[in-house]
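The values are calculated or read from the model by the stated rules, or taken from the named source; none is laboratory data. Small disclaimer: the values here were computed from a predicted structure and weren't measured. Positions of Cβ are backbone-derived with ideal geometry, glycine not excepted, and every protein chain shown enters the neighbour counts. Ligands, DNA and RNA are stripped out before the accessible areas are found, and what is left, the full protein with its side chains, is counted by its heavy atoms. Shrake-Rupley method; radii C 1.70, N 1.55, O 1.52, S 1.80 Å.
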Amino acid sequence: MKDTKNYYALLMAGGVGSRFWPVSTQSFPKQFHDMLGTGETLLQKTFARLLKLVPEDQILVLTNAAYNDLVKEQLPQIKQKNIVLESAMRNTAPCILLSALKVEKENPNAVMIVAPSDAWIEDEDAFVNDLQIAFDAAQQEETIVTLGIQPTFPNTGYGYINYDKGDSAFAKAVKRFTEKPNYEAAKEFISSGDYLWNAGMFIWSVQTVVDSFKTFLPEMYSLLNAGKEFYNLPEEQEFIDRVYPDAENISIDFGIMEKHTNVKVVPATFDWNDLGTWGSLYDKMEGDGGGNAIVNARVIATNASGNIIRTEGDKVVVLDGLKDYIIVEKEEVLVIMPKSKEQDIKEIRNRVQSKFGSKLG
């Protein structure tokens, strides 16, 4: 059996998921919802998936301080010391460095996966196999390893990884990252066959993490490393609350990934969906026979297809002549809009908040 004592996971669970409004809100984001009606929330599913390889006490959940109680409620097995609470929204780089410094203090030989809490992966055995390959590569040299997804269409909402297909290693050399290209560029990437989607999962040794921040984000490193004596102790949170708001607001992609010279990618053998929009959720759900995806609703549909319907309390919904629509209810809000306009949901949420009050967002 593989020795996993040095395996750690940083589970990022601080996002708002505004494109899943009105179900996902500032006070109750999508990672804490059972979006697909499976009986488990996205956070619970991701935690259980990581447990297949990473010891329970070596999984850290990175989240906003406002969500601490939600994390403890949904993951009662996790200790408070393993919940890393951001006192301000500062993108992915600061919270990853903060967590890495905590891990380094506990185990300087650690290798870690950084993983979002809201992705959907069905073939979990394939995920574990690919993750094992990535852990092995990260242990052998000072490299960053990412898991790349085989693209199926020219999606402009994902980052792309240009990699060396001729590399014979399981973890293949990365040439460059491109963050959210335009449609024409995405089409070229797909047709070339030399690109993978960036799933936002990174695997590296804790020493590689720390050294990368020292090199590419030295001010952030100095700011957060100043609290090394407090990490994993009761004084930790007071230090975080005091200095964290001063950290630069920057993603790990821009801050580290695009600058590092030794990056590898393991082409994933598992299926993946980032569940970023209602349309992506529709793609992962079984239809009702007429092509409608349904959560918590009883539907009678006539000449209606391609719709996603979600209600509270298992309501009866009658549809006639409606195609490719989002129909979602949450408390005081009912949204009915074409799936083709799903990218506008964040702006619509802002308009609703502005007119009717922030409690609706």
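Against the definition (among the hydroxyl-bearing types (S, T, Y) and modelled with pLDDT of 85 or more), how does S305 come out, yes or no?
Yes.
Scan the stretch 54-99 for residues that are open to solvent by 60 Å² or more (accessible area, probe 1.4 Å) and either without any contact (Cβ under 8 Å) to a residue 60 or more places away in the chain or in contact with a Cys (Cβ under 6 Å, 6 or more places away or on another chain) (or both) and jot them down.
If the condition is that a residue be open to solvent by 60 Å² or more (accessible area, probe 1.4 Å) and either without any contact (Cβ under 8 Å) to a residue 60 or more places away in the chain or in contact with a Cys (Cβ under 6 Å, 6 or more places away or on another chain) (or both), then E56, D57, A66, D69, K72, E73, P76, Q77, K79, Q80 are the ones that fit.
On the basis of being modelled with pLDDT under 90 and surrounded by fewer than 14 Cβ atoms within 10 Å (Cβ to Cβ), does G276 make the cut?
So G276 does not fit the description; no.
Being free of Cβ contacts under 8 Å to residues at least 24 places away in the same chain and of a type in the set (A, V, I, L, M) is the filter; apply it to the stretch 36-53 and report the residue that is most open to solvent (accessible area, probe 1.4 Å).
Restricting to residues being free of Cβ contacts under 8 Å to residues at least 24 places away in the same chain and of a type in the set (A, V, I, L, M), the top hit is L51.
Out of all the residues in the stretch 13-35, which are over 18 Å from F356 (Cβ atoms), touching a residue at least 60 places away in the same chain (Cβ under 8 Å), open to solvent by 30 Å² or more (accessible area, probe 1.4 Å) and not basic (K, R)?
The one that is over 18 Å from F356 (Cβ atoms), touching a residue at least 60 places away in the same chain (Cβ under 8 Å), open to solvent by 30 Å² or more (accessible area, probe 1.4 Å) and not basic (K, R): G15.
Can you tell me which residue is least open to solvent (accessible area, probe 1.4 Å) among those in the stretch 237-257 that are over 13 Å from T92 (Cα atoms) and in contact (Cβ under 8 Å) with a residue 40 or more places away in the chain?
I240
A quick yes/no check of all residues on (1) closer than 27 Å to G14 by Cα; (2) surrounded by 20 or more Cβ atoms within 10 Å (Cβ to Cβ); (3) not aromatic (F, W, Y):
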position	(1), (2), (3)
H260	yes, no, yes
V265	yes, yes, yes
M285	yes, no, yes
I300	no, no, yes
E331	yes, no, yes
V335	yes, no, yes
K339	yes, no, yes
E342	yes, yes, yes
G357	yes, no, yes
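Can you pull out the residues in the stretch 1-12 that are open to solvent by 20 Å² or more (accessible area, probe 1.4 Å) and either in a strand (DSSP E or B) or at pLDDT 95 or above (or both)?
M12
May I ask you to list pairs of residues, at least six apart or on different chains, whose Cβ atoms are under 7 Å apart, with the first in the stretch 314-331 being under 16 Å from G290 (Cβ atoms) and the second being in a loop (DSSP other than H, G, I, E, B) and hydrophobic (A, V, I, L, M, F, W, C)?
Listed by first residue and then by second, the contacts come to L319/A304; D320/A304; G321/A304; L322/A304; K323/A304.
Yes or no: I294 in contact (Cβ under 8 Å) with a residue 24 or more places away in the chain and either open to solvent by 70 Å² or more (accessible area, probe 1.4 Å) or assigned to a strand (DSSP E or B) (or both)?
no
For residues in the stretch 138-162 being more than 21 Å from A126 (Cα to Cα) and in contact (Cβ under 8 Å) with a residue 40 or more places away in the chain, which is most open to solvent (accessible area, probe 1.4 Å)?
Step by step, filter the stretch 138-162, then rank; the result is E142.
Give the residues of the stretch 177-200 that are outside any helix (DSSP H, G or I), free of Cβ contacts under 8 Å to residues at least 40 places away in the same chain and either touching a strand residue (DSSP E or B) at 6+ places or on another chain (Cβ under 9 Å) or more than 22 Å from K259 (Cα to Cα) (or both), sorted by residue number.
T178, K180, P181, G193, D194 - these are the residues of the stretch 177-200 that are outside any helix (DSSP H, G or I), free of Cβ contacts under 8 Å to residues at least 40 places away in the same chain and either touching a strand residue (DSSP E or B) at 6+ places or on another chain (Cβ under 9 Å) or more than 22 Å from K259 (Cα to Cα) (or both).
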